[in-house]
Ligand SMILES: *[C@@H]1O[C@H](CO)[C@@H](O)[C@H](O)[C@H]1NC(C)=O
Ligand SMILES: *[C@@H]1O[C@H](CO)[C@@H](O)[C@H](O)[C@H]1NC(C)=O
């Protein structure tokens, strides 16, 4: 009697296990198939759903037809919890993953208040994560006097930049929107780096200003240009950084300097999503906090959470902050308000600690 019951239970277990294996196989097969056809685009996660909840007791052959596939678009506001593991599996499974959204960090507090988000963010951008014993401003000469902007790079031997400079194999990309001084670029070029400055206000398409210093009439975009606009205004040349790297045949950028007047958030997002940041050794960026920035939407707390999440993505890619600077000569505004004793403008430098 007892033995029979145990046997039955075992058989039940085995059947359930079989059904589960089949479900897992189908799920893997289906998502591989979808990926192969590149439809749906990544960012749509595939979930298998049982119509009647508990369905594993059915005969194994029945299982597939009783399932339906639903697509869940990962929304920016969505909770990062439950979908994380499946999207991580999704990413691991494909070789060069295309990502559509950065991963949002949990809220700083359950109230989702601006104060909590802002304090977390401001603390983050004011705290160096690693020390740099040989940092230089404005290129390699360390002319700290008379220069307003503290573009700072780290020449410690633990980072590759110093070796690259010694071997005259260093490459600098500088993204700007005109009107900036060129001291950093000129000094880097004089120090032996190949410097490319991208600036839409450059007079002709490419200017070779001096040895190792080029200006390109290009501005950096975070998406592909609208073909309609591109043909009408062929003189406007905006490209994604990944496209420029390809066209120039460059694999690595030792230093990326950017002063993009609030376009930095979406550009940074694009570099993260396309995996371009991994090709960068040090990042030196001026960030702007007086408004959310181009194409950044949501209420104030969501905006600050998004900014913070971008930097946490950098950290996940082994970028560590070694220098932060609060510009008190700029308006002391944070999202259009004079709050938190924050400035509208900070300059931050990161080193890619995985960079070789
Ligand atoms: C801002 O919007 C998010 C959802 O987008 C919400 O969870 C949050 O509570 C809102 N914050 C405030 C302070 O209204
Ligand atoms: C506000 O910021 C300035 C500049 O960083 C600092 O000197 C000052 O002590 C801060 N004030 C308060 C109340 O924290």
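Ranking request for peptides 274-282, 302-310, 101-109: highest mean number of other beta-carbon atoms within 10 Å first, then the rest in descending order. Working shown, then result.
Values: 274-282: 20.0, 302-310: 22.6, 101-109: 16.7.
Listed from highest to lowest mean packing, they are 302-310, 274-282, 101-109.
Once you have a ≥ b ≥ c as the square roots of the Cα gyration tensor eigenvalues for the range 281-356, tell me rounded if a/c is under 1.5, and otherwise prolate or oblate according to whether a/b is larger than b/c. Kindly include the intermediate steps, with their values, before the conclusion.
Working: a/c = 2.73, a/b = 1.52, b/c = 1.80.
Oblate, since a/c reaches 1.5 and b/c is not below a/b.
If you bin every alpha carbon distance in the range 250-317 into 5 Å steps from zero, what whole percent lands in each bin?
Taking every Cα pair in the range 250-317, the percentages come to 4, 16, 27, 27, 16, 7, 2, 1.
Which translational diffusion coefficient, to the nearest whole µm²/s, is obtained for the range 175-231 from the Stokes-Einstein equation, given a Kirkwood hydrodynamic radius over C-alpha pairs, 25 °C and 0.890 mPa s?
Details: Rh = 12.3 Å.
Rounded, D is 199 µm²/s.
If you take the beta carbon distance between residue 328 and residue 190 as r and set R0 to 35 Å, what does 1/(1 + (r/R0)^6) give as a FRET efficiency, to the nearest 0.05? Could the numbers behind the result be given before it?
Working: r = 30 Å, r/R0 = 0.86.
Efficiency, rounded to the nearest 0.05: 0.70.
Once the piece of chain linking residue 134 and residue 112 is laid out straight, how much longer is it, given 0.36 nm per residue of separation minus the C-alpha distance between them?
Numbers: separation 22, 0.36 × 22 = 7.92 nm, distance 3.96 nm.
Stretched fully, the residue 134-residue 112 segment lengthens by 4.0 nm.
What would the Debye formula give as log10 I(q)/I(0) at q = 0.10, 0.13, 0.17 Å⁻¹ for the alpha-carbon point model of the range 209-356, no solvent?
-0.39, -0.67, -1.09
If each of residue 210 and residue 100 carries a label point 7 Å out from its Cα toward its Cβ, how far apart are those two points in nm?
Inter-label distance under the simple model: 4.8 nm.
Readers should treat all values here as calculations from the given coordinates under stated rules, not as data from a laboratory. Being a predicted model, the structure only gives us computed values, none of them experimental. Using ideal geometry, Cβ is built from the backbone for each residue, glycine included, and neighbour counts are taken over all protein chains shown.
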